[in-house]
Structures are given as structure tokens and as C-alpha cells.
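All remarks here apply to the structure that follows.
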Amino acid sequence: MTDDIPFNRNLALAPGRVEEVAPCVRRMLCDNPSPFTFKGTMSYIVGRGQVAIVDPGPDNVRHTDALLDAVRGETVTHVFVTHTHRDHSPGAARITARTGAKTFGEGPHRPARPLHVGEAPRLDASNDVDFRPDHSLADGEVVSAAGFALEAIATPGHTANHMAFALRGQELVFSGDHVMGWSTSIVAPPDGAMSDYMASLDKLARRREGLYLPGHGDVIRDAPRFVQSYIRHRQGREASILHRLGKGAADIPTLVRAIYIGLDPRLVRAAGLSVLAHLEDLVARGVVATEGVPSVEGVYRLA
Ligand SMILES: [Zn+2]
């Protein structure tokens, strides 16, 4: 299903090693590999002397120590957070406690829509509900410091508060979990929303930056073309769902079995939520019908 995206699942970087990945941008891999995080979370150090850290990573003291070792003799003034998942934002508390840096992000964690009766926040163990940015960023806001200027790009979809950050003068974007080179992004209601996600992809597709530095995996080159392949992939998945529903009403487990061939069993629940995200969007557009609000337990048919 994902042959249409030119994925890169190589990453020659050991956890805890600092590496210059672009002029004035260093990266460091956290040792938190999983089916959701690939080889781990990638943290970025932006600037020289007075620096920002983009995505400090999970609550992992070894990773925080390694990041602060890498900037010994420099001053961390800013911590930017792409979104409030536990593999990205909790490390901010350790960094700010030891440096006095200020935190920047869209806002606290929140679902993309009100919860339905009886519905729990999805994969709720993955949410960091403690993070509160010192400074809430608006879409398009530019934060300038001695060694860098970062433009906030609101990119909701993976989470409601997801932001990418464009580094002015470098033609590169820190794309967080919105666009990654090793895998598609997980869009799982109620925290994620497919209609927002697609609009955010369209927004990035209109930008010119050629290089993306994602929250997981290696750099993405030829980024506008890569974003187009992400868009086509989602359109293809939507077409697969509609094709299956064209053969008769179906529930989400049936759709997942029909569409995700050879899926890692640990990802079945996430895949179900991803299909739910498509179905919520399709129901809102009047293309698909179900009883009541779209849910994981629902039965769906073409409208
Ligand atoms: Zn992540």
C-alpha cells in the first residue's frame, strides 16, 4: 500500500551522537525505538552560541544529558515543540530546568474534536498533557534570535496542535511527525483529524523549501515532491476504502484486513484509527453513511 511513497528507512546515526545535518543545524537521535518512533525521536539544535532545541524528546535523562553536553559552552535560549506526544515534548521540562530556556509551541494538548459519549482520548498513553508552552505560537509567527529565525507553520492533523517550523534563510523545514521519510504519519481520532491533515499537506505542498528534517528518520530531500506522494497515498487509501464499501457495508476491522496487507500486528489498532479518520472525513463530506457518530465500532456504507 505504501509503495507509492519513496520511503528511506536507512539512518546511519547512533543514539546520543551529535551530527551537523545542515549549516547551523545539528541533530541527535534519542534511544527510544519502537514501531511508532522508528529508530527514535530526532532532536535538533539550531544556531551556534545561542541555540534553540527543536523537539527535546521524551522524558529521558540520558537524552537530555547528551543534548546539553553537545551544546556545552553555548546557551540554550529557546525550546520549540512540534506537538505534544510523549516522544517529543516531555524533555522540555528537563532542558528548561537546567538552562532557563523558554518553550514555544502551538498550545497544550487537545483533541481535534469534542469526545463522543464513552470515548476515551485515543492512544492516550502517547499524549503529553503536562506541556504548556511559555509562548503560544500563531500560524506564520516568526521567532527571531541571535542565530536563527524560525517561522511557525500550523500543520494540524497528526495532532490538533502540530506545528512545523521553517528555518529562515536555509530553505528547510522541521516537519515533526506531519511528514516523515520512513513512514506515513498516524492520523487517529479524536486527537488527529484527516480533513485537517490533508489541508496541512496542501499547505506544505505550496511551499518551496526543499529539505525537511522530520521528528523520526533521516532528512527528506526534494520535499515538495515527497509531500505530493504523501497526498497521493492518502487519496489512494480513501479510494481503497470507498472501493471496499462499494462491495457492501463493512466495519473497521474488515476494512483494515482488506486494505493493510502484511501489517505489523502491533499497529492494527493504529490502522483502525487511521481508517476511522478517513471515515470521519468521508461522513462529514456526505460520501459515506453510518448510524450515529462515526466510531470504531460502527458499520459503514456508501451514502
Ligand atoms: Zn513522534
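The values are calculated or read from the model by the stated rules, or taken from the named source; none is laboratory data. Source: prediction; values computed, not measured. Cβ: placed from backbone, ideal geometry, glycine included. Neighbour counts: every protein chain shown. What goes into the accessible areas is simple: the full protein's heavy atoms, side chains included, and nothing from ligands, DNA or RNA. Shrake-Rupley method; radii C 1.70, N 1.55, O 1.52, S 1.80 Å.
Across the chain, Cα pairs under 8 Å and at least six residues apart give a relative contact order of 15 percent.
Couplings 3J(HN,Hα) of the stretch 53-67, computed from phi: 10, 9, 6, x, x, x, 6, 9, 5, 5, 5, 4, 4, 5, 4 Hz, in residue order, whole Hz [Karplus 6.51 cos²θ - 1.76 cosθ + 1.60, θ = phi - 60°; x for Gly and Pro].
The amide H of ASP128, built 1.01 Å from its N in the peptide plane, has HIS85, ARG86 as neighbours under 5 Å, considering only residues 5 or more places off or on other chains.
An oblate overall shape is assigned to the stretch 54-108, the ratio a/c of its alpha-carbon gyration tensor axes (a ≥ b ≥ c) being 1.5 or greater and a/b not exceeding b/c.
Mean sequence separation of contacting Cα pairs (under 8 Å, at least six apart), scaled by the length of the stretch 1-78, corresponds to a relative contact order of 22 percent. Taking θ as phi - 60° and the Karplus parameters 6.51, -1.76 and 1.60, the scalar couplings of the stretch 99-105 work out to 10, x, 4, 9, 9, 10, x Hz in sequence order, x denoting glycine and proline. In terms of its alpha-carbon gyration tensor, the stretch 92-238 comes out oblate; a/c meets the 1.5 threshold, while b/c is at least as large as a/b. Our estimate of slack between ARG98 and VAL129, defined as 0.36 nm per intervening residue step minus the Cα-Cα distance, is 9.0 nm.
Just the protein heavy atoms count here, and of the accessible area of the chain at 1.4 Å, carbon and sulfur take up 51 percent. Taking max minus min of the alpha-carbon positions on each principal axis, the chain gives extents of 64, 38, 34 Å, largest first. Net charge dipole, the stretch 22-138: roughly 240 debye, given to the nearest 20, about the Cα centre with Cβ charges of +1 for Lys and Arg and -1 for Asp and Glu.
Express the relative contact order of the stretch 18-148 as a whole percentage, based on alpha carbon pairs under 8 Å and six or more residues apart in sequence. Before the final figure, lay out each step's value.
Details: 244 pairs, mean separation 26.3, N = 131.
The normalised contact order for the stretch 18-148 reaches 20 percent.
Modelled this way, with points 7 Å down the Cα-to-C-beta line, the labels at ASN8 and ALA145 are 2.6 nm from one another. Taken one residue at a time, the phi angles of the stretch 29-37 give Karplus couplings (6.51, -1.76, 1.60, θ = phi - 60°) of 8, 7, 8, 10, x, 5, x, 9, 10 Hz. Gly and Pro are set to x. Summarising the amide proton neighbourhood of ASP191: residues at separation of 5 or more, or on other chains, whose placed amide H is nearer than 5 Å comprise ALA112, ARG122. A quarter of the convex hull surface defined by the alpha-carbon atoms of the stretch 195-303 gives 7.7 nm² as the mean projection. Looking at the chain, the accessible area is 42 square angstrom per residue; that uses a 1.4 Å probe and ignores ligands, DNA and RNA.
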